[in-house]
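For reference, the structure discussed in these notes is given below.
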Protein chains: 2
Amino acid sequence: MSTSTQIQLVSRPVGWPEPADFRAVQVELADLADGEVRVANEFISVDPYMRGRMIDTRSYIPPFALGETMGGGAVGRVVESRSADLPVGTLVLHQLGWRDVSTGPAAAFSRLPEPPAGSESSVYLGILGMTGLTAYVGLTVIAGVKPGDVVFISGAAGAVGTAAGQIARLLGASAVIGSAGGPQKVELLTSRYGYDAAIDYRAGSVRDQLRASAPKGIDVYFDNVGGDHLEAALDVFNDGGRAALCGAISAYNETKAQPGPRNMSNIITRGLTLQGFTLGNYLGYAKEFNEKMAQWFSAGEIVYDETVVDGIDHAVDAFLGMMRGENIGKMVVRIASAE
Amino acid sequence: MSTSTQIQLVSRPVGWPEPADFRAVQVELADLADGEVRVANEFISVDPYMRGRMIDTRSYIPPFALGETMGGGAVGRVVESRSADLPVGTLVLHQLGWRDVSTGPAAAFSRLPEPPAGSESSVYLGILGMTGLTAYVGLTVIAGVKPGDVVFISGAAGAVGTAAGQIARLLGASAVIGSAGGPQKVELLTSRYGYDAAIDYRAGSVRDQLRASAPKGIDVYFDNVGGDHLEAALDVFNDGGRAALCGAISAYNETKAQPGPRNMSNIITRGLTLQGFTLGNYLGYAKEFNEKMAQWFSAGEIVYDETVVDGIDHAVDAFLGMMRGENIGKMVVRIASAE
């Protein structure tokens, strides 16, 4: 191990990102300074929020810098250490992103337990990590799901959506309805992820399908999509409904600002609450989530899937595939064992 | 007193209501039954929410029935009584609407104290009534205004807006910014209603003016207008901002559903909360409001204005004028003394 392959952003995409917006570089590995560790990554995460960081606009986190390596969640194992806190062999989580080898001060890495039997370390990027926590916070802290609620979740076959559907059920929802694109995903929502009903947004009007699936209306909407999905939810909401706005993937690659729902007045007449959130403000819920999720997980109450792309050189492909909805569950990049 | 003049809705308006959508009828007064009272109205209220009740759509209250007298708030004095609870001379509030004389069971009328010195009974339709309570609930329960917040209020020269600006200041807002149409109203916002800055939405971009008036951003938005005002607020919100959506008068007379804000994604990235409300769900706050407002009012902390139209036959004119923004403060119809 003498070099690291890293994927850098070299231009700010307009509309859909293209491979030419990125480059792969080989970086010589320097000797470790005192207190530093070297980590061979096992998996890196590609997530929808990264699209927002590729442009230079005011947001909750600064944009990715051009000519620097893409940041983001990753898990790996310490292979060289000059820190007593993280000996060689320790499994760690970090945010150093799209590279096969990560080097830095021990404080940049968080120690992880070994993954549960039957799981790989990628589980800490998904259902047992930020993705699961996002679903949990959105449903509990933001939308306040309570027993008996009818819950609608868009992007339901994605990383957050597959977690959210199951968590909503465990929180006592009386019915959980999901939307996804295409018959394969829609089938999985009910057969595997415990959704009571599923909508194929490509097959017709989201609103009409949602109305048919939720004849008594919905109480909670967990929004990963925005656009026509949010408009449909506003139409089908019961009085006092709550929406947790987590993502708007339908708009991320649009070059023009998209108009909002045409039925905003329902927010007033039905006394609805729409609350947006980004996980960074809710990391304090990680402990509570970890405890509950560990319990659910070990009781077999939670299933998950990952879509795995092999090789750091295919990180961009994985990201674009995720943006196109080619994943089921969490999309991750598996890093070939570093030699 | 042998007849009552009443204003009825005879057709459901499409777009702007017209006088032909209403008719005035003379109704013979029947003898009182046991437990009933007869009230000579002093003032009736015209309010933006009434536009919504003129159409037949799902809403938080049923639509006005065609061929029946328009409902709504009114104050008057008992002139004939067969109820010991409400002797002749009692000042009362009721919801029997657009008529000069109201007859009904005593339970349909709420006893009012005599108005404060210098005020007429119309004050119970405005600053000391539903209008003031709407402003109070929106700022406190819904938006959670706290000391130091920068607060933006649209429709600021209207009934709710003139109350809301002053209440926001009394709740400790560090700056209160209002919008209204035309230089006369805008001038009053700062000279009379305690707004720190005022925007004339007819004079240019709401967003640009709001940005200039709130260089540090806004924390709370009280929305009476919707449309470009809501979009402007979403652009100028600080992280964690809260919007109380009370009305959307910009859309009430549109024949086509209007698209929502083009910057809905700010709700996510800035962690904003938009909550709609209608007062009917928050009447439990009336006691708290009445106590606080009585204190503020008697301490001279609150000013108010009314735009008074004379005569039940001009109720429709008053309503349409209010929809066009011809009022400053609360628009009411004064009923000529019944003979």
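The values are calculated or read from the model by the stated rules, or taken from the named source; none is laboratory data. Because the structure is a prediction, the values reported are computed rather than measured. Methodologically, a virtual Cβ is constructed for each residue, glycine included, from the backbone with ideal geometry; neighbour enumeration extends over all protein chains shown. The area values use the complete protein model at the heavy-atom level, side chains included, leaving out ligands, DNA and RNA. Shrake-Rupley method; radii C 1.70, N 1.55, O 1.52, S 1.80 Å.
Length available on full extension from A:Val14 to A:Lys216: 0.36 nm per residue minus the Cα-Cα distance, which gives 68.6 nm. Per-residue 3J(HN,Hα) values for the range B:298-310, derived from phi via the Karplus relation 6.51 cos²θ - 1.76 cosθ + 1.60 with θ = phi - 60°, read 6, 7, x, 7, 10, 10, 8, 9, 10, 9, 10, 10, 9 Hz in sequence order (x marks Gly and Pro). Sequence-ordered 3J(HN,Hα) estimates for the range B:140-154 from the Karplus curve with 6.51, -1.76 and 1.60 and θ = phi - 60° stand at 8, 5, 7, 8, x, 4, 10, x, x, 5, 9, 10, 10, 10, 9 Hz, glycine and proline given as x.
Using C-alpha pairs below 8 Å separated by at least 6 residues, the relative contact order for chain B is 18 percent. Any idea which of A:Gln6, A:Gly71, A:Val88 is furthest toward the positive side of the dipole for the range A:2-95, if Lys and Arg beta-carbons carry +1 and Asp and Glu beta-carbons -1? The one lying farthest along the dipole's positive direction is A:Gly71. Taking the Cα centre of chain A as reference, the dipole from Cβ charges on Lys and Arg (+1) and Asp and Glu (-1) amounts to some 940 debye.
Could you tell me the relative contact order of the range B:130-281? Use alpha-carbon pairs under 8 Å, at least six residues apart, and round to a whole percent. Before the final figure, lay out the partial values.
Numbers: 326 pairs, mean separation 33.5, N = 152.
Relative CO of the range B:130-281 lands at 22 percent.
Give me the accessible area buried between chains B and A, both sides summed, with a 1.4 Å probe, in Å² rounded to the nearest 100.
By this definition, chains B and A bury close to 2300 Å².
Of the trypsin sites (Lys or Arg not before Pro) in the range B:56-106, which ones lie in a loop per DSSP and count no more than 14 other C-beta atoms within 10 Å? Sparse-neighbourhood loop trypsin sites (Lys or Arg not before Pro): B:Arg58.
If I compute solvent accessible area with a 1.4 Å probe over the protein chains, what percent of it on chain A is carbon and sulfur?
Values: 6910 of 13700 Å².
Carbon-and-sulfur percentage of accessible area, whole number: 50.
Interface residues of the range B:272-293, defined as those losing at least 40 Å² of solvent-accessible heavy-atom surface relative to the isolated chain (probe radius 1.4 Å), are listed as B:Thr273, B:Leu274, B:Gly276. From the alpha carbon centroid of the range B:196-251 to that of the range A:135-155 is 29 Å. Rolling a 1.4 Å probe across the protein heavy atoms gives the range A:1-157 an accessible surface of 40 Å² per residue. The Kirkwood radius of the protein assembly as shown, taken over pairs of alpha-carbon atoms, gives through the Stokes-Einstein law at 25 °C and 0.890 mPa s a diffusion coefficient of 88 µm² s⁻¹. Between A:Ala294 and A:Arg262, the modelled label-to-label distance comes to 5.1 nm, taking each label 7 Å out from Cα in the direction of the beta carbon.
Compute, for the range B:97-184, the length of the dipole vector about the Cα centre, with Cβ point charges of +1 (Lys, Arg) and -1 (Asp, Glu) only. Units Debye, rounded to 20. Before the final figure, lay out each step's value.
On the way: 4 positive and 4 negative charges, 33 e Å.
Dipole about the Cα centre, nearest 20: 160 debye.
Entry note: chain B has Rg to Rh equal to 0.98, where both radii use alpha-carbon atoms and Rh is the Kirkwood radius. For A:Gly158, nonlocal amide neighbours, meaning residues 5 or more places apart or on other chains whose placed amide H falls under 5 Å from its own, are A:Gly329.
Below 8 Å, C-alpha to C-alpha, sequence gap of six or more: please give me the relative contact order for the range B:215-339 in percent. Present the calculation step by step, with values, prior to reporting the outcome.
On the way: 155 pairs, mean separation 24.0, N = 125.
With pairs under 8 Å counted, the relative contact order is 19 percent.
Between rounded, prolate and oblate, where does the range B:130-281 land on the alpha carbon gyration tensor, with a ≥ b ≥ c its root eigenvalues, rounded for a/c under 1.5, else prolate if a/b exceeds b/c?
Numbers: a/c = 1.14, a/b = 1.08, b/c = 1.06.
It comes out rounded by the Cα gyration axes.
Between copies, the label points at A:Lys146 (set 7 angstrom from Cα along Cα-to-Cβ) are spaced 2.3 nm, reported in nanometres from shortest to longest. I need the fraction of alpha carbon pairs in the range B:187-260 separated by more than 19 Å, rounded to a whole percent. The proportion of pairs with Cα distances above 19 Å equals 39 percent.
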